[in-house]
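Notes to accompany the following structure.
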Amino acid sequence: MDFAKSLPFKRIAFIGDYLPRRCGIATFTTDLCESIAAECPEACCFAVPVNDREGGYAYPPRVRFEIEESDLASYRRAADFLNINRVDLVCLQHEYGIYGGPAGSHILSLLSDLRMPVVTTLHTVLREPDANQRRVLDKLAALSDRLVVMSQRGIDFLREIYHISEEKIDFIPHGIPDVPFVDPSFHKDHFGVEGKYVLLTFGLLSPNKGIEYAIEALPAILARHANVVFIVLGATHPHVKRDDGESYRLQLQRLARTKGVERNILFFDRFVTLEELVEFIGATDIYLTPYLNAAQITSGTLAYTVGAGKAVVSTPYWYAEELLSEGRGVLVPFRDSQAIANQVINLLDNETERHAMRKRGFMYGREMIWPKVAHRYLETFVHAAEERTRKPRSTLRVPTLDTRPPDLPLLNLSHLRRLTDDTGLVQHANFTVPNYHEGYATDDNARGLIVAVYLEERGEELPEEMAVLAFRYLAFLIHAFNSLNSRFRNFLSFDRHWHEKAGSEDSHGRALWGLGTVIGRSKQSGLRGAAAQLFESALPVTEEFASPRAWAFTLLAIHEYLKRFAGDRVARRLGDVLSERLLSLYRRNYSADWPWFEYSLTYCNAVLPNALLVSGQATGRQELIEAALHSLEWLGEIQQAAQGHFVPIGCKGFYPRGGERARFDQQPVEAQAMISACLAAKTITGAGFWDAHLHRTFDWFLGRNDLGLSLYDPASGGCRDGLHSDRCNQNQGAESTLAFLHALLEIRLAEASAAAETPEAAPETKDQESGVKDQKPGAEKTEAIPANRH
């Protein structure tokens, strides 16, 4: 078939990682895109890669649009871009770890919005998926016109475990470069290993590679064949390096010295080009893959070496069992260094058998070279287009603004970086310049700690200096704690002198909230351990506090803490005590026209119903939830202007009961507190009413406010300190900037969670599903509150 003339489409987009990003998916996507472009030169082939770090990569011209891994909105923008540019077919590379959201669920939002056929290559098919992984693959299959797998076992799993019709699945082998069948000696002088037998393993280095077992096999191999050298080729996997540095590589090097084989092992710590890789493979006599995990459905490294005609010794992971059958390699048990040694020695002793194995692999690989693989993909593309013509997907449409969440600003941490020094977060700023004269505050560092943990939870790929934020802010809280009175000090001067022996009760509560967030959400055991020690020491004193907001912050802290330690009876008891105090306060002060906890509205007002909401959800106490929803609904109404925008209570006078409400100065912390409470209400009730409230509130940061001025400064990444009657306060202090970042990250985390649960994108809310329009949740239940208020 002359695909250049017969294809029913002319524009093909490839979604996945892309070179120069260093990973196997990037290499595969790049090779596939270039190979299809070569086979079909009249078609316009371009790439849409996923960035795992801020700023992306120096991509080639083939790349037309970039997706930010953890930014759900960027997936929707990518779908818009593909639809508007009349792309005829999308070829998606799927691996759970490369897309944002639980089990990579963000990609489903993109696919749900597409109007063209989709062909998805599955690089991983799990035999025992967890709930999120199963949900993602089920939906991915439904949104794809054709599925491509690279092994027969992948077809079996899709049919037997995921109940996908085999008619929808195509087997296409992993592509490989077309290299000649050469004698290994031809390339050995390039690496200074002339006259030696070369064992090779290559790929991004990580502990699941099992290379330690190959090293442990070397003494026995060298006892029989002293002229053996083992080459370990590849850089450490970027994510492993980010989390653990070079600890695995160093462990392997120490093991080599311990075994006395350091003269016979070469580490090439590089991500090599294809040309370099071909030379390394060319110089190889035996390729080793001592992987530790059977659950690997494909392997590009194994495909490359078999297709290049190399003898292979491998553990029996799924892809190796299939590719190395019929004498194309030998399998050894997992974690068995002696078996590796025995098989390597056997192949080196038996040259005839080794070369026969090489030839069988090389001949099999002729069907895997990229031109043939590209041709088979083009056949699959044609089938996908034909099937879409026969079965058009009427449910796919361009969603209108009322059916999709609003786009959010891009994350910019520049100003947070400026405000952070070796001590912690500087409190204030003159415009965008840190104001050292005002020093530091514990409550700001507690806010910063929460934001840092949210960044970790979103999976942000951060510069190294940003990745240490949580450690720096936690260290500040540890230093702030006064063990003599079990209280946090709050204000620290720039020359590191504390202003008081005990800070406010509210700052103590905020510190606990930061610690609880670390304990409940962080994956870093060192952070959690230090935070847990401090949490245990600082929690009991809160039972003596008189501040309702300190109670509320502590309840939020306990809520986060119990995510990890739900069985802690001391924390649960204190949570019951403080939530009962808040409820009693609400009942004492309640009236039909003032359903509130106090006789005035002051600052961070929404934190009070928020604390009752999470407590009620955790304990199942409906009276806590009803009181919280009623008070929050009222707060939302009085903080909404006639024109529909958010108007927080001003801090110049606040709002006393029966008195005059202060319109200004409006503070960013009020918006953040309201957004957090609305998210909690939406989680509990499922009602779209709260979604509208929280997005209206977030828009206050962006200029939908009394003055039509943006509090958020996208150029600096900071947030202005407040809205006066005639202007914005141009200073961008820590409290305001962290209020904005907290709100932005919390909304994004909620979107990611919602996308995982209802991946169709733009899910209907529960009140829409039941046919009820704009009903305010909780309104029909809260009339029982007055009878109990005394």
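Residue check: is V136 touching a residue at least 12 places away in the same chain (Cβ under 8 Å), within 20 Å of I297 (Cα to Cα), under 17 Å from the mean Cα position of the chain (by Cα) and open to solvent by less than 10 Å² (accessible area, probe 1.4 Å)? Yes.
Among residues of segment 422-438 that are in contact (Cβ under 8 Å) with a residue 12 or more places away in the chain, those with a beta-carbon under 8 Å from a residue that is part of a loop (DSSP other than H, G, I, E, B) and basic (K, R) at least six positions away or on a different chain give the pairs T423/R496.
For segment 403-469, the helices (runs of 4 or more DSSP H) that sit wholly inside it and include 2 or more residues that are at pLDDT 90 or above and either surrounded by fewer than 22 Cβ atoms within 10 Å (Cβ to Cβ) or among the acidic types (D, E) (or both) are 414-419, 442-457. Among residues of segment 226-247 that are farther than 23 Å from A341 by Cβ, those with a beta-carbon under 8 Å from a residue that is modelled with pLDDT of 85 or more and in a strand (DSSP E or B) at least six positions away or on a different chain give the pairs A235/L205; T236/L205; H237/L205; V240/L205; E246/T236.
Of all residues in segment 21-37, those being modelled with pLDDT of 95 or more and either open to solvent by 50 Å² or more (accessible area, probe 1.4 Å) or assigned to a loop (DSSP other than H, G, I, E, B) (or both) number 1. When you check L741 against the structure, is it within 16 Å of Q667 (Cβ to Cβ), more than 30 Å from the chain's Cα centre (by Cα) and among the aliphatic types (A, V, I, L, M), yes or no? No; evaluated as a whole, the condition is false for this residue. Among the residues of segment 106-129, none qualifies, meaning not one is touching a residue at least 12 places away in the same chain (Cβ under 8 Å), in a loop (DSSP other than H, G, I, E, B), over 25 Å from K391 (Cβ atoms) and open to solvent by less than 10 Å² (accessible area, probe 1.4 Å). S74 meets each of the listed conditions (1) of a type in the set (S, T, N, Q); (2) open to solvent by 10 Å² or more (accessible area, probe 1.4 Å); (3) in contact with an Asp or Glu (Cβ under 7 Å, 6 or more places away or on another chain) apart from (2).
Of L200, L250, L218, L222, all but one fail to be within 30 Å of V149 (Cα to Cα) and either in a helix (DSSP H, G or I) or in contact with a Leu (Cβ under 8 Å, 6 or more places away or on another chain) (or both); the exception is L200. Taken residue by residue, segment 696-707 has at least one member that is in a helix (DSSP H, G or I), β-branched (V, I, T), closer than 17 Å to L601 by Cβ and open to solvent by less than 40 Å² (accessible area, probe 1.4 Å).
Kindly establish whether T305 is in contact with a Phe, Trp or Tyr (Cβ under 7 Å, 6 or more places away or on another chain) and open to solvent by less than 60 Å² (accessible area, probe 1.4 Å). First the steps, then the outcome.
On the way: in contact with a Phe, Trp or Tyr (Cβ under 7 Å, 6 or more places away or on another chain): yes; open to solvent by less than 60 Å² (accessible area, probe 1.4 Å): yes.
Spelling it out, T305 is indeed in contact with a Phe, Trp or Tyr (Cβ under 7 Å, 6 or more places away or on another chain) and open to solvent by less than 60 Å² (accessible area, probe 1.4 Å).
Of the residues examined, E543 is not one that is open to solvent by 70 Å² or more (accessible area, probe 1.4 Å), in contact with a helix residue (DSSP H, G or I) (Cβ under 9 Å, 6 or more places away or on another chain), in a helix (DSSP H, G or I) and modelled with pLDDT of 95 or more.
The values are calculated or read from the model by the stated rules, or taken from the named source; none is laboratory data. Predicted, not measured: the structure shown is a model, and the values here were computed from it. FYI the Cβ positions are ideal-geometry reconstructions off the backbone, even for glycines, and counts take in every protein chain you see. We work out accessible area using only protein heavy atoms, side chains counted, and drop any ligands, DNA or RNA first. Shrake-Rupley method; radii C 1.70, N 1.55, O 1.52, S 1.80 Å.
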